[in-house]
Every structure is written in structure tokens, then in C-alpha cells.
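First up is the structure itself, then whatever we jot down about it.
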Amino acid sequence: MRMYDLIEKKKRGGALSREEIRFMIQGYVSGAIPDYQMSAMLMAIYFSGMDDEETTALTLEMAHSGDMVDLSPIQGFKVDKHSTGGVGDKTTLIVGPIVAALGVRVAKMSGRGLGHTGGTIDKLESIPGFQTSVPREEFFDIVKRTGIAVAGQSGNLVPADKKLYALRDVTATVDSIPLIASSIMSKKLAAGSDGIVLDVKTGSGAFMKTLEDSVTLARKMVSIGIGAGRACTALITDMDVPLGFAIGNSLEVIESAETLRGRGPEDLKEVSLRLAAEMLHTAGRGDAGTCYGMALEVLEDGRAFDTLLAMVEAQGGDRSFIENPERFPKAPFMLGVKAPESGYVAGMDAEGCGVASVLLKAGRSKKDDAIDSSAGIILKKKYGDAVEKGEVLAELYASDEALFGAAKERLLASYRIEGEKPGERKWIYARVTGDGAEMF
Ligand code: URA
């Protein structure tokens with residue numbers, strides 16, 4: 001078999017067989033297939049696509065390119081949740097404790113921020129002492145004791161995705177549905193949970209900008225998950241507007257803790273409850289309505305907040321920061337961004353808001369950049385809000401005043417202010433199961 005022939009076949013729109021995909025992935029991971037040939041293949045896949053059979057084969061070959069985690073030492077149903085990436089998306093810190101408080105185990109591996117989107121590991125590392133690199137045995141032990149542990153990817157997990165993702169990032173081939181589906185699902189399958197709930201974001205701040213593409217991506221991922229023997233469903237949620245008010249690492253941890261104390265923003269609370277209900281449903285705890293009621297109960301009675309505290313403590317973090325969020329170090333500089341005119345917020349480019357937070361150093365511009373845990377944005381006005389000229393739209397936080405100029409410009413360009421009050425927005429657009437998509 002020759003990689004050249006496989007590239008030629010895909011370039012002409014042919015379907016690759018399981019054996020051909022195995023040859024390609026094993027050869028790429030071992031170094032026998034060079035980056036330049038894989039780059040050509042990625043571009044051919046970008047333009048020619050992959051059918052469901054090929055995408056499933058690619059996912060399984062990628063998942064088996066390294067270790068497959070065996071979670072069987074942990075008793076009971078283990079459920080995972082994955083977001084395709086968003087701005088202000090801190091739901092893991094809320095839904096994990098909710099479902100764990102109800103006895104469904106969460107043994108979760110999370111990632112760092114990517115581009116304009118944040119990552120759970122960066123957020124957790126803003127809690128003093130919190131360890132995101134935990135040896136496997138200890139990780140299992142924490143899940144058994146507290147019901148939940150969240151760590152960074154460790155060991156040799158899906159090396160094919162590490163190499164492929166880095167190559168896609170520099171060859172303009174990230175936004176391909178089969179490549180995104182196989183990248184995400186290979187990691188979810190290798191991480192070993194029995195159930196997987198996918199939060200597929202849609203809109204300006206998401207990888208998938210249209211609802212149609214988001215539903216297609218969700219259907220592909222759900223079908224791969226079910227085909228691999230896992231319980232798997234997806235919600236399509238809004239990412240035209242950032243989720244909640246906080247963007248940036250410690251700011252988002254504080255907002256998550258507040259949400260678990262019943263003082264969170266409505267959009268964040270509702271999306272989190274719906275995701276938690278989906279995870280409970282996946283674990284066989286009842287229909288969607290019953291599971292939503294259970295999730296709401298542990299959020300309101302404080303059990304989910306207590307579970308977050310237990311997890312933070314078990315992973316070496318100082319729980320007093322979660323109990324008293326004013327203990328988090330505040331960024332030394334703050335700038336209020338003022339509305340240039342009166343009207344209503346009729347649009348917020350979520351990607352632009354994410355880029356503004358990266359400019360403040362809440363995220364990375366380059367892979368090895370250090371991030372500033374206290375940097376970020378608190379939105380004071382969101383979609384649909386009335387605003388007077390000169391009123392503060394958002395507060396920027398940074399450790400260096402020189403960063404404010406570019407971030408302010410980017411944030412202001414993200415707000416669209418119009419004279420008319422805009423129509424209502426949805427937070428959740430659809431639910432995707434093995435039976436198809438239910439649109440809301
Ligand atoms: N997240 C991933 O893990 N992979 C992708 O391709 C896109 C988002």
C-alpha cells in the first residue's frame with residue numbers, strides 16, 4: 001500500500017477502506033508517513049469529505065493509536081461530557097458536580113484552551129494548589145471517594161490526534177466535520193466512560209457557525225459513539241453569545257461556584273441543568289423531565305456545591321477560594337468599556353469576545369504562551385439589554401495596562417448596538433440521539 005495512492009483516491013472523492021485508514025494512521029504515528037503527505041490527505045478530506053463508515057473507521061483507528069483507559073476499577077456508570085469549544089463555557093465545573101452529587105461517576109479528562117475558546121484545565125489551575133496532573137491510581141481513588149475527578153490528558157492517549165491536530169492547526173484543515181468528529185470522539189472513546197454527552201456549540205464563537213453544520217457534526221459523533229457501544233446523545237447550544245458573564249480563568253471558576261450556590265446567570269444555569277439532565281438520562285436515571293428535576297434539586301440544596309468543594313480538596317486545591325471567591329487574586333488593572341451610543345445590544349460576536357480575552361492574556365496566542373489566571377472580561381451588558389451611551393458594556397481585567405487598547409477595540413467591534421430591541425434568542429436549539437435530531 002502507498003500513501004500516494006490513498007491521497008489520489010481521496011482527492012478524486014473515493015472512500016477509504018478500514019485497512020487503508022489503519023495503514024495511514026499507524027504509518028503517520030510511527031513516522032513512516034511524513035507530514036507533507038498527511039497534509040495533502042487532510043486537505044483532500046477537507047474537500048472530498050468522508051462517509052459515516054470512513055469517519056467511524058478513522059475514529060476507531062485514532063482511538064486505538066495509544067492507551068485505552070479502563071475505568072472498570074470504578075464501580076457504577078461513568079459519564080463524560082464534551083463541549084466542542086466556546087467562550088465563557090464553564091459548564092464542566094457545574095454539570096460534573098451536579099451528576100456526581102447524584103451518584104453518577106465522572107472520571108473526566110479535559111483540555112486546555114484552544115484559540116479563542118477556553119479550556120477546563122486552565123480554569124481549574126487558577127485554584128491555588130489544584131493538581132490537574134494526577135497519577136491514574138490516585139485519579140480512580142478520587143472518583144471513588146468524591147464521585148468526580150477532572151484531570152488533564154495523561155499517558156499515551158490518542159497520539160494520532162495530538163499529531164494530526166497540530167498539523168490541522170497549521171494547514172487550515174481544522175473546520176472539517178469528519179476531522180472534528182474523529183478528533184473529539186477518538187479521545188472520548190479512549191477515555192473509557194460508559195456514557196458520553198456532547199455539547200455541540202453553534203454560532204459565531206463555535207467551530208461550526210451554522211445550525212445545519214452543527215446538527216450534522218452532532219449526528220456523526222452520536223452515531224460513532226453508539227456504534228462503539230457507548231450511550232451517546234448531544235445538545236446543540238448557542239455560541240453566538242458568550243455563556244454567562246465571565247470570560248477568563250479564575251473569573252469563570254468564581255462564576256461556576258456562584259452558579260452552584262444558586263446565584264448564577266440564567267443562561268449558564270439553564271444550559272448546565274439541561275446538560276446534567278442529559279448525562280443523568282444517559283446513565284439510566286429516568287426521562288429528561290425527571291432528570292432535570294433531580295439536577296435542579298441538588299443545585300438548589302447545595303449538594304452539588306459540596307461535591308465541587310470535595311473534588312477541589314481531593315485534587316489538592318484550596319477550597320477556601322471556592323467558599324470565599326474574594327480570595328482569588330484580582331488583576332491589578334481594570335478598564336470599563338463604554339457604549340459608544342444608546343440602544344439595544346442586538347448582536348455579540350462571541351469569537352471576538354474570546355479573542356479580546358486572549359489579548360488580555362486569559363488565553364494563549366501561541367501554544368507555549370503563559371496565561372494570566374486573573375485576566376479576562378466581565379460582561380455587563382448582553383444580547384437584548386438596553387444600554388445608554390457611556391454606560392459600561394464590559395469590564396476588562398489585565399496585569400498590564402498596555403494590553404487594554406487592542407482588547408477594547410476588539411470587544412467594541414464585537415458588540416452591535418441598534419435602535420430596536422432584538423427578538424428572543426434560544427440557548428438550546430436541538431437534541432440529537434441515535435433516532436435523529438429533535439429541534440426546539
Ligand atoms: N476539539 C477537538 O478536540 N478537536 C477538534 O478537531 C475540534 C475541537
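The values are calculated or read from the model by the stated rules, or taken from the named source; none is laboratory data. As the structure is a computational prediction, the values presented were derived from the model and not from experiment. Cβ placement follows ideal geometry from the backbone for every residue including glycine, while neighbour counts extend to all protein chains displayed. Ligands, DNA and RNA are stripped out before the accessible areas are found, and what is left, the full protein with its side chains, is counted by its heavy atoms. Shrake-Rupley method; radii C 1.70, N 1.55, O 1.52, S 1.80 Å.
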In the full protein assembly as shown, how much of residue 82 is accessible to a 1.4 Å probe, in Å² to the nearest 10?
40
Past 28 Å, Cα to Cα, is the threshold; run 269/381; 78/162; 201/380; 144/366; 366/426 against it and keep the listed order.
144/366; 366/426
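Return a whole-number percent for the relative contact order of the chain, with Cα pairs under 8 Å and 6 or more residues apart as the contact set. Walk me through the numbers before you get to the answer.
Values: 953 pairs, mean separation 81.8, N = 440.
Relative contact order of the chain: 19 percent.
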Order these peptides, 155-161, 314-320, by their mean beta-carbon neighbour count within 10 angstrom, highest first.
155-161, 314-320
Using a probe of 1.4 angstrom, how much of the accessible area of the chain is carbon and sulfur, in percent?
50
Relative to the longest principal axis of the chain, what angle (0 to 90°, nearest 10) does the C-alpha long axis of helix 159-170 take?
60
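For 216, 433, 237, give the ranking by accessible area with the largest first, probe 1.4 Å.
216, 433, 237
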For the chain, with the dipole built from +1 on Lys and Arg beta-carbon atoms and -1 on Asp and Glu ones, taken about the Cα centre, which of 321, 356, 185 lies farthest toward the positive end?
185
Would you mind checking which residues have amide H under 5 Å from residue 105's amide H? H placed 1.01 Å from N; only 5 or more apart, or other chain.
77, 79
Within the set of other residues whose C-beta is less than 13 Å from the C-beta of residue 250, count the net charge using Lys and Arg as +1 and Asp and Glu as -1.
-3
For n ≥ 4 DSSP H runs only, could you compute -39500 (n - 2.57) per run for the chain, divide by its residues and tell me the 222 nm figure to the nearest 500?
-13500 deg cm²/dmol
Pop out the ³J(HN,Hα) list for segment 243-251 in order, Karplus 6.51 cos²θ - 1.76 cosθ + 1.60 with θ = phi - 60°, rounded to Hz; leave Gly and Pro as x.
8, x, 9, 9, 10, x, 5, 5, 4
Return the long-range amide H neighbours of residue 338 (sequence gap of 5 or more, or a different chain), with a cut-off of under 5 Å between placed amide H atoms.
393
Principal-axis tilt of helix 303-314 within the chain, Cα atoms, nearest 10 degrees:
70
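Send over a whole-number figure in Å² for the accessible area per residue of segment 331-418, probe 1.4 Å.
Numbers: 4090 Å² over 88 residues.
I get 46 Å² per residue for this part.
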Between 0 and 90°, nearest 10: helix 288-300 axis offset from the chain longest Cα axis
50
Could you give each residue of segment 274-283 its phi-based ³J(HN,Hα) in whole Hz, using Karplus coefficients 6.51, -1.76, 1.60 with θ = phi - 60°, and x for Gly or Pro?
5, 5, 4, 4, 5, 5, 5, 4, 4, 7
Given a 1.4 angstrom probe, what's the average accessible area per residue across segment 1-147, in square angstrom?
41
Which residues make up the longest stretch of the chain that has no GluC sites (Glu not before Pro) in a DSSP loop with at most 11 other Cβ atoms within 10 Å?
1-340
For a quick check of your reading of the filter: which trypsin sites (Lys or Arg not before Pro) in segment 216-290 sit in a DSSP loop and have no more than 14 other Cβ atoms within 10 Å?
263
Summed residue charge, Cβ within 12 Å of residue 72's Cβ, Lys/Arg positive, Asp/Glu negative
0
Give me, ordered by chain and number, the residues 5 or more places off residue 87 or on other chains with an amide H under 5 Å from its own placed amide H.
243
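Rank 372, 70 by accessible area, highest first, at a 1.4 Å probe radius? Intermediate results must be reported in sequence, preceding the final value.
Working: 372 35, 70 95 Å².
Reading off the accessible areas and sorting them downward yields 70, 372.
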All other residues with a Cβ under 10 Å from the Cβ of residue 151 taken together, and with Lys, Arg as +1 and Asp, Glu as -1, what is their net charge?
+1
Area accessible to solvent at residue 415, 1.4 Å probe radius, in Å²
20
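For segment 79-323, what is the charge dipole size about the Cα centre, in debye to the nearest 20, if Lys and Arg each add +1 at the Cβ and Asp and Glu each add -1 at the Cβ?
780
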Taking only the alpha-carbon atoms of segment 25-100, what semi-axes of the equivalent ellipsoid follow from 5 times the gyration tensor eigenvalues under a square root, in whole Å, largest first?
32, 19, 13
For the chain, with +1 on Lys and Arg beta carbons and -1 on Asp and Glu, the positive-most of 46, 75, 439 along the dipole:
46
Backbone HN-Hα couplings from phi across segment 188-197 [Karplus 6.51/-1.76/1.60, Hz, Gly and Pro as x]
5, 5, 5, 6, x, 6, 6, x, 9, 10
